[in-house]
Amino acid sequence: MVTDPPTTAHPVLELRAVSKVYRVQTTMFNRPRDLRAVDDVSLQLHRGDVLGLVGESGCGKSTLSRLLLGLEAPTSGEVLIDGKPMTGTSIRDRARRIQPIFQDPYASLNPRKTVADIIALPLRVHSIGERSDDAKRVTEMMDRVGLPARMLLNYPNQLSGGQRQRVAIARALVMRPEIIICDEPTSALDVSVQSQILNLLMDLHDEFGLTYLFISHDLSVVQHIASRVAVMYLGRIIEARKSTQLFADPLHPYSKALLDSVLTPEIGMGLPETNLGATFPNPIDPPPGCAFHPRCGHAMQRCHKERPPTLREGSDRVECWLHDDLEAEQTRAVDAQRSTAATPDTV
Ligand code: ADP
């Protein structure tokens with residue numbers, strides 16, 4: 001696991017109360033309805049952070065990553081890069097700072113381009129540096145990600161899955177970005193290759209001082225790599241804490257159910273089977289109160305009616321009525337420190 005870096009003054013990437021609502025039509029005869037894919041999410045990434053984002057399929061992880069990449073605009077709230085609104089930055093600026101690595105390296109690489117062309121493409125699209133320097137930059141990057149130079153003129157179908165993901169990583173890094181959004185970067189790979197790619201990502205994190213948002217359904221992968229973890233449920237971050245704390249003692253019953261569902265600690269041993277059943281609620285009709293209450297063994301009367309607020313203690317955050325004592329503790333802490341700086345919100 002990557003150790004927690006010292007907190008920098010300003011987050012390099014930040015979501016402030018961001019929501020993304022889609023208008024969806026479920027049948028030909030119904031009126032379109034709102035689907036809250038991301039619901040009032042605030043989070044911060046500081047330089048060097050590796051923030052793991054976990055949750056079941058459909059909880060909003062990919063929508064959140066598209067918002068962070070600037071591929072979609074929030075319905076409300078704000079995305080900031082280095083403290084400046086994303087809306088005020090050019091596509092080129094964004095591409096120089098944030099790059100994605102996606103799940104399926106085969107689908108994300110153009111089958112008609114050579115490795116050299118694929119890696120150099122972002123430089124050409126965004127007119128970075130001189131074309132005559134491309135070959136040097138590409139071979140340097142191939143070396144960094146462990147691809148032999150003899151593969152320069154190979155096509156994606158001539159490479160293994162692991163080699164293709166190395167090409168995708170080189171293509172992201174050739175722009176020298178500060179932040180990488182890794183969306184399930186090892187899920188499509190053979191188990192034996194997954195740990196090689198994870199170790200490569202960790203080495204590159206240290207070498208280039210990168211900041212990662214690491215999206216995965218595979219908790220053992222997240223435990224391996226993330227310094228902090230945010231757990232998402234029906235568009236909301238319901239728990240966000242240091243990785244060691246969350247894995248040792250999850251606060252939210254949903255986080256606990258996810259952790260209990262990891263049947264094996266081996267990396268890449270498939271999708272976790274949750275003991276919650278296949279009862280993920282319909283995001284168009286979310287349950288009232290706490291959205292998790294219909295699946296929660298600890299649900300109280302209050303959970304059926306009132307949505308829990310975000311309860312905090314230091315940098316820990318949880319949305320669950322079982323922990324409403326945290327709010328009181330935080331209130332006391334804030335009272336005691338009223339004249340000093342506010343507690344940093346580091347997740
Ligand atoms: P995850 O990545 O966690 O599987 P997604 O972000 O893909 O979740 O989706 C979250 C919710 O938003 C899902 O209910 C999905 O059906 C819905 N959704 C995602 N993209 C769109 C879209 N473009 N239009 C309508 N609904 C969408």
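Within the range 21-50, being closer than 17 Å to Thr75 by Cβ and aromatic (Phe, Trp, Tyr) holds for one residue alone: Tyr22.
If you go through the range 142-161 and pick out every residue that is crowded, with 19+ Cβ neighbours inside 10 Å and in a helix (DSSP H, G or I), you end up with 2. Taken over the range 287-309, the criterion of being in contact (Cβ under 8 Å) with a residue 40 or more places away in the chain and in a loop (DSSP other than H, G, I, E, B) is satisfied by Ala291, Phe292, Cys296, Gly297, His298. If you check Thr63, Thr89 for being polar (S, T, N, Q) and over 21 Å from Pro287 (Cβ atoms), only one passes: Thr89. Take the conditions (1) touching a Lys or Arg at 6+ places or on another chain (Cβ under 6 Å); (2) acidic (Asp, Glu); (3) within 16 Å of the ligand (Cβ to nearest atom); Glu178 misses just one of them, which is (3).
The residue that is surrounded by the fewest Cβ atoms within 10 Å (Cβ to Cβ), counting only those in the range 44-72 that are away from the ligand (no atom under 12 Å from the Cβ) and over 17 Å from Pro100 (Cβ atoms), is Arg47. Looking only at residues of the range 217-239 that are more than 16 Å from the ligand (Cβ to nearest atom) and not charged (D, E, K, R), we find that the one that is surrounded by the fewest Cβ atoms within 10 Å (Cβ to Cβ) is Ser220.
For the range 266-284, check the following and say yes or no: at least one residue is within 16 Å of the ligand (Cβ to nearest atom), farther than 25 Å from Ile180 by Cβ and at pLDDT 90 or above. There is at least one residue in the range 266-284 that is within 16 Å of the ligand (Cβ to nearest atom), farther than 25 Å from Ile180 by Cβ and at pLDDT 90 or above. Of the listed requirements (1) closer than 24 Å to Ser65 by Cα; (2) in contact with an Asp or Glu (Cβ under 9 Å, 6 or more places away or on another chain), Val145 misses just one: (2). Just one of the listed residues (Leu251, Leu263, Leu311, Leu258) is modelled with pLDDT of 55 or more and over 21 Å from the mean Cα position of the chain (by Cα), namely Leu311.
The values are calculated or read from the model by the stated rules, or taken from the named source; none is laboratory data. Remember, predicted model here, so these are calculated numbers, not experimental data. All Cβ positions, even for glycine, are placed from backbone atoms using ideal geometry, and neighbour counts span all protein chains on display.
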